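One structure is given below, encoded as structure tokens.
The values are calculated or read from the model by the stated rules, or taken from the named source; none is laboratory data. Note that the coordinates shown come from a computational prediction; the quantities given were computed from them, not determined experimentally. Quick reminder, even Gly has a Cβ in these numbers, built from the backbone with ideal geometry, and neighbours come from all protein chains shown. What goes into the accessible areas is simple: the full protein's heavy atoms, side chains included, and nothing from ligands, DNA or RNA. Shrake-Rupley method; radii C 1.70, N 1.55, O 1.52, S 1.80 Å.
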Amino acid sequence: MAVFVVDKHHHPLMPCTEKRARLLLERRKARIHSMYPFTIRLVNRTVQESAKQPLRCKLDPGSQVTGIAIVREDGVKQVVLSLIELSHRGSTIRNVLQSRAGKRRRRRSQLRYRAPRFENRAKPSGWLPPSLLHRIATVVSWVNRIRKRAPLTGITCERVRFDMQKLIHPEIDGAEYQQGTLFGYEIREYLLEKWSRKCAYCDIQNVPLQIDHMVPKSHGGSDRIDNLTLACASCNQKKGSLSLEMFSPHRAKKLSSAPNLHDAAAVNATRNALWKQLTELSIPCEAGTGGQTKYNRNRLGVPKTHALDAACTGTVFQLQNWLVPTQQIKCTGRGSYQRTRLDRFGFPRGYLLQQKKVCGFQTGDQVISSVPSGKKKGTYTGRVAIRASGYFNIQTAEGVVQGISSKNCRLAQHADGYHYLGNLGANFNSQTKEQRLLPALKAQVSALSIG
Ligand SMILES: [Zn+2]
């Protein structure tokens with residue numbers, strides 16, 4: 001994995017190898033600029049523009065994980081320098097907002113009477129839900145972070161296109177397909193046609209049929225046409241809010257063949273918004289398609305991971321050095337404003353610390369702690385969760401270690417809303433910062449070349 005390099009004025013230079021970075025640090029010609037992602041700063045050198053080569057950042061935006069690859073372009077060859085997998089927290093954001101809305105609704109319904117209000121709210125055009133906005137914001141933020149550390153000359157982004165209408169409803173085509181699902185078609189008529197005017201559960205005919213949600217709305221089922229079916233009054237009554245499997249196990253498989261479109265919808269909705277923001281970055285952008293990525297991956301014999309998918313995006317003739325380890329970056333957020341913990345009914349059950357810092361540490365800081373003696377003797381590296389007592393929890397690659405005194409902790413990097421997975425295994429006992437971090441770098445390098 002390449003090490004990012006900046007000059008003494010913090011301008012980005014071409015990334016170098018791990019060995020070169022180690023030598024530069026040993027000879028005091030460079031110092032550590034940031035630990036995550038690992039960047040060194042040359043002490044007394046500014047490199048001319050001619051020393052730079054074309055460098056491309058390639059992106060494979062996904063709903064849960066976005067793959068990022070940094071490649072050096074060498075004629076028709078592309079040499080992989082770094083692979084990054086960025087794990088999003090869209091589903092966490094969605095759940096948190098949903099639970100907040102639920103609690104507010106419950107509190108508001110305590111009023112004696114409240115007029116129904118569900119149609120007096122308008123969303124501005126181009127509005128995206130916070131969970132989707134987060135995906136775009138973090139990807140653009142990381143492109144900018146990489147730009148500060150590497151002289152990017154181009155961006156390639158897979159503009160994934162899931163054909164939602166075809167996934168939902170493969171049989172429509174022609175004019176009907178062009179104009180959208182069921183344009184000019186009554187839903188009820190369509191369902192009668194589709195389900196042959198029979199109850200889907202007992203096959204009874206020539207009785208009034210009702211529209212039934214196969215996945216009940218109470219279980220998160222949608223009003224989409226492929227979730228709807230027809231049922232006679234008695235079946236509909238009996239089914240109630242039971243799931244398909246519970247009500248009619250032998251028909252469940254046949255009826256619920258609809259694919260789950262949550263992830264496809266997330267990627268689809270953010271596709272254009274992300275592309276728009278990337279093209280505003282004043283770097284030439286190239287678009288790739290999902291089919292192209294798959295073709296490149298099969299032709300080059302590259303396994304399927306998010307980061308390697310990113311490396312295969314766009315026009316690729318030859319791909320070299322793709323066996324480099326992948327840096328895992330997880331979006332964690334920066335904590336919550338809410339200082340009151342609520343129970344599931346929305347009543348207070350506890351209060352969080354008012355202050356953000358304890359003994360100079362903040363939840364989310366990356367720390368290196370070495371415990372000299374006792375039951376927890378050893379060195380731990382990871383994300384700290386502060387406690388008022390001054391005895392912290394550290395989330396390491398191996399798991400959470402509890403009750404580490406703040407006196408044994410040293411800061412590796414301030415909290416920035418991300419968790420970086422990987423163990424540095426450093427000790428901080430030598431004199432200079434570089435000397436202290438050198439074993440950490442060595443350990444990191446050897447760990448990386450094993451993993
Ligand atoms: Zn029936």
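Values computed for the structure shown
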item: Residues of the range 1-53 satisfying the condition of being in a loop (DSSP other than H, G, I, E, B), open to solvent by 60 Å² or more (accessible area, probe 1.4 Å) and farther than 28 Å from residue 415 by Cα; result: 27, 44, 45, 46, 48, 52, 53
item: Long-range neighbours under 6 Å by Cβ, at least six apart or interchain, first residue over 15 Å from residue 129 (Cα atoms) within the range 92-105, second in a helix (DSSP H, G or I); result: none
item: Any pair with Cβ under 6 angstrom, 6 or more apart, that starts in the range 126-143 at a residue that is open to solvent by 60 Å² or more (accessible area, probe 1.4 Å) and ends at one that is of a type in the set (Val, Ile, Thr); result: 130/93
item: Considering residues of the range 198-229 that are touching a residue at least 12 places away in the same chain (Cβ under 8 Å), part of a loop (DSSP other than H, G, I, E, B) and over 15 Å from residue 255 (Cα atoms) only, the residue nearest to the ligand (Cβ to nearest atom); result: 204
item: Near pairs, Cβ below 6 angstrom, 6+ apart or cross-chain, from the range 360-380 (without any contact (Cβ under 8 Å) to a residue 40 or more places away in the chain and under 24 Å from residue 332 (Cβ atoms)) to any residue that is open to solvent by less than 40 Å² (accessible area, probe 1.4 Å) and not aliphatic (A, V, I, L, M); result: 380/369; 380/396
item: Residues satisfying the stated conditions in the range 314-348, i.e. open to solvent by 30 Å² or more (accessible area, probe 1.4 Å), within 21 Å of residue 383 (Cα to Cα) and assigned to a strand (DSSP E or B); result: 326, 328, 330
item: Single match in 391, 380 (criterion: more than 25 Å from residue 338 (Cα to Cα) and open to solvent by 20 Å² or more (accessible area, probe 1.4 Å)); result: 380
item: Odd one out for residue 396, checked against (1) more than 26 Å from the chain's Cα centre (by Cα); (2) buried (at least 16 other Cβ atoms within 10 Å of the Cβ); result: (1)
item: Looking only at the range 230-246, and only at residues there that are surrounded by 14 or more Cβ atoms within 10 Å (Cβ to Cβ) and under 34 Å from the mean Cα position of the chain (by Cα), the one that is farthest from the ligand (Cβ to nearest atom); result: 243
